[in-house]
Every structure is written in C-alpha cells, then in structure tokens.
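The values are calculated or read from the model by the stated rules, or taken from the named source; none is laboratory data. Please read all numbers here as calculations on a predicted model, not as lab measurements. FYI the Cβ positions are ideal-geometry reconstructions off the backbone, even for glycines, and counts take in every protein chain you see.
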Amino acid sequence: MSWNGIIHAFRDRLPLPTNAKAITLFEGNTPLLPAPRLTAAIGGDFDLRLKYEGLNPTASFKDRGMTMAVTHAVAKGAKLVICASTGNTSASASAYAARAGIASAVIIPSGKIALGKLTQALMHGAKLLPISGNFDDALNLIRQMSNLKEVEVVNSINPVRIEGQKTASFEILEALGKTPDFHFLPVGNAGNITAYWKGFCEAIPKGPRPRMFGWQASGAAPLVDGHIVKDPQTIATAIRIGNPASGEGALAAAKESNGRIDKVSDQEILSAYQLLAQTEGIFVEPACAAPVAGLRKAVAAGWIPKGSLVTMTLTGHGLKDPDTVLSLFPHAPSPIPPTLDAARKALGL
Ligand code: AN7
C-alpha cells in the first residue's frame, strides 16, 4: 500500500479542520532498525530498535508536526507561518510553507544553526531573521508575534504540532506488535517527549507503557538541574535550550512512566555520535546522540534489565551538521599519486 503521509495514515486519531486539505511531503513511516552491534559495543544485553527520523522529507522528526501545523494554518487562511528555531523547525516550516504556497519567516539564534538547516531555510525561500540571542529569546519574540493578522506560529507551543509528532509512537507500536519496555529520546524544548508520551497513552490506554527516558545536554539541562539555564551551551545546537516550552510535559512523561530526564556531557555525546555511525552505519546529528550516550550511562548504571525491549528516537540526519564532523577530523588526508604502489602504501596493504 502506498504511503501518503501521517495525516492520511492516522486521520481518525488527529484533530483536523473539516475538509482540510492535507499539506504533506509524505512524512512518517520511518524505519525502526535493530542495532545489535551498537548494543554489544555499549555492553548491553537487550533488543534495541532505532526509529530513524532523519529519514523524513526534511531530514528530521519535525515534519510530523509540521504537516499538521501547516495544514491547519492554510485551513485558517494564514498567509505566513513563523517559528523560532534551533534549525530543524525552520527547515521543516519553510519546506511545508513552500509546499502550501504561503510564506515563512524563521527567527534563529545567530551563528548557532547547523549549516545544513540554514541552507534548507534559504533554499525554501524563508525570510530569515537571525537574532543576537539564543533560542529562548527567539521563542519569547515569537510569543509576542502570535496575534498578528494572517500569521500562524508553528512552534510546538502550537498544540497540533504535538498531535502530529505523537504518530511516531503509533508507528513504533505497529512495527513491533508489542510495547517497548523503555523509550529513549533527546530533550530540548521538550515537545517531542510530550508528544511520544501522548501517543503511547492514547494507543495503550490501560498500560503497561514504555518507561520514558529523555536526555538533555549537560550545559543545557534545565529539566535535570531544576531551573532555567540563562546561557545554555552545547555542541548539540538543536537542543541548546535553557527554558523549554513543554518542560511540564516532559517531567510528567518521566514521572507517569516511571522514567527519568537525565543529562550527558558534550564529550559523551560526541563519542556516542561516532560510535553509532561506525557500528551501525547510521549518521545522525549530535543532538540524536544524547540518548545513545544516555543508554550507555543507563547500561553502566544497571537500569536496563537483560532481555528488555528498548526503542530510541534518532531525531535528525547527520548531514544537517557537517561542521561538527569536520571538527572531529581536522586533518584531511593529503593527495597521493594515482598509482598502485602509493595506494598500497597509504592503506598499509
Ligand atoms: C534533531 O528546531 O527545537 O525536545 O527549533 O532538532 O521536541 O525540542 C529542535 C529540537 C531533538 C529536541 N533533536 O526536540 C528546533 C528545535 C533534534 C532537534 C530536538 C530537536 P524537542
């Protein structure tokens, strides 16, 4: 059967305006990949499945929420969608706005957007408003703009974004035919963990449901540290957020599921980032490596019983952020003569 996007697939479980025309790039239906080599490398003895959301149309999970947000915006007659973004929301909003034939404007922290995300927003014709401030300042500005005429805010403070993103939980349950014991994912503005938990609660009304383990970067961990972080810092720019809009939802998901919100250092993130790419052939952006590093921490702490079924969301594609890769490999190999001898010597064969 052909796949025509999450609105088509889950229409009966999503709030939609009557007769809304779906604005879709056929997002969703992403693979749930087994990861035995990664599991062995971190010393685990359980069944790990990776929901690879980097394979969505704009290469992040944001597309699930954005098909909903832009569909609603168009149904309401909006002419401009706006968002604050650490990058992926802006890439997705600008693509779906282009698909709908309406304008987009994105407010971004100047100099703190991964290169690939910036190129996407430029290419889709978004009006770019870099600010001298961080994501939290950008979101604050967006809140002040939310009542402007014919303008629709497509950040996850728009509840239909959460509705769209919850469909990933439905897909995980359908693919497995059973309920995972744990679900791991990164946490930034905390919309996604809120959405996954909503999805699991709707799909499994009586439980048992997965224990939700959300991971922040240690320099941007307001939900772990228990207070707003004024100047959040992390290599994982996607989750460089000090005052998450859906913080309450994340804490509720952790509490109700007997899970936790925890943090990992940039060093642990960068190590997990390379380990995933080199053990499983799956290239993600740094933020997605936070739960991989978190799983390593959970294994070391003995939190994951033998034989558990663990699912993890990999939220965005690695090609989003080439600069971080190049920073890990600063010395590009110098050219050799095109001869067998030189090639054998270079490869030690
Ligand atoms: C790859 O694009 O906030 O906890 O403005 O891009 O739902 O915020 C991105 C967040 C994880 C965190 N992984 O998700 C934005 C933005 C990636 C991300 C998150 C983001 P939330």
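Results, tabulated for the structure shown:
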quantity: Looking only at the range 83-126, and only at residues there that are among the β-branched types (Val, Ile, Thr) and crowded, with 24+ Cβ neighbours inside 10 Å, the one that is nearest to the chain's Cα centre (by Cα); calculated: Thr89
quantity: Search result, residues across the range 251-282 that are under 23 Å from Pro208 (Cα atoms), surrounded by fewer than 21 Cβ atoms within 10 Å (Cβ to Cβ) and either among the charged types (D, E, K, R) or at pLDDT below 95 (or both); calculated: Lys255, Glu256, Arg260
quantity: Pairs where the first residue, in the range 57-81, is within 21 Å of Ser146 (Cβ to Cβ) and the second is of a type in the set (Asp, Glu) and crowded, with 23+ Cβ neighbours inside 10 Å, C-beta under 6 Å, 6+ apart; calculated: Thr67/Glu27; Met68/Glu163; Ala73/Glu152; Ala78/Glu152; Val81/Glu152
quantity: Within the range 231-246, considering residues that are closer than 18 Å to Lys117 by Cβ and polar (S, T, N, Q), the one farthest from the ligand (Cβ to nearest atom); calculated: Thr234
quantity: Lone unmet requirement of (1) within 11 Å of the ligand (Cβ to nearest atom); (2) buried (at least 23 other Cβ atoms within 10 Å of the Cβ); (3) of a type outside the set (Ser, Thr, Tyr) for Ile142; calculated: (2)
quantity: Leu32 surrounded by fewer than 24 Cβ atoms within 10 Å (Cβ to Cβ) and in contact with a strand residue (DSSP E or B) (Cβ under 9 Å, 6 or more places away or on another chain); calculated: yes
quantity: Residue list for the range 178-199, filter: farther than 16 Å from Ser257 by Cα, in contact with a Ser or Thr (Cβ under 8 Å, 6 or more places away or on another chain) and in a loop (DSSP other than H, G, I, E, B); calculated: Gly188, Asn189
quantity: Residue ID - surrounded by the most Cβ atoms within 10 Å (Cβ to Cβ), chosen from residues in the range 285-330 that are within 10 Å of the ligand (Cβ to nearest atom) and among the acidic types (Asp, Glu); calculated: Glu285
quantity: Wholly within the range 75-173, helices (runs of 4 or more DSSP H) carrying at least 1 residues that are β-branched (Val, Ile, Thr) and more than 24 Å from Asn19 (Cα to Cα); calculated: 88-100, 115-123, 135-145
quantity: Tally of residues being assigned to a helix (DSSP H, G or I) and more than 12 Å from the ligand (Cβ to nearest atom) across the range 54-74; calculated: 9
quantity: Which numbered condition Lys51 misses (of (1) closer than 30 Å to Ala301 by Cα; (2) basic (Lys, Arg); (3) not in a strand (DSSP E or B)); calculated: (3)
quantity: Hits in the range 215-241 (condition: hydrophobic (A, V, I, L, M, F, W, C), within 15 Å of the chain's Cα centre (by Cα) and within 10 Å of Asn134 (Cβ to Cβ)); calculated: Ile241
quantity: Positions within the range 225-250 being crowded, with 18+ Cβ neighbours inside 10 Å and of a type in the set (A, V, I, L, M, F, W, C), in sequence order; calculated: Val229, Ile235, Ala236, Ala238, Ile239, Ile241, Ala245, Ala250
quantity: Cβ-Cβ under 8 Å pairs, at least 6 apart or on other chains, the range 219-242 side touching a residue at least 60 places away in the same chain (Cβ under 8 Å), far side surrounded by fewer than 21 Cβ atoms within 10 Å (Cβ to Cβ) and among the basic types (Lys, Arg); calculated: Thr237/Lys112; Arg240/Lys112; Gly242/Lys230
quantity: Looking only at the range 155-178, and only at residues there that are modelled with pLDDT of 95 or more and of a type in the set (Gly, Ala, Ser), the one that is farthest from Ile6 (Cα to Cα); calculated: Gly177
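For every residue, the table says whether it meets (1) in contact with a Cys (Cβ under 7 Å, 6 or more places away or on another chain); (2) more than 10 Å from the ligand (Cβ to nearest atom); (3) of a type in the set (Asp, Glu).
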site	(1), (2), (3)
Gln216	no, no, no
Ala220	no, yes, no
Val224	no, yes, no
Val229	no, yes, no
Glu256	no, yes, yes
Ser271	no, yes, no
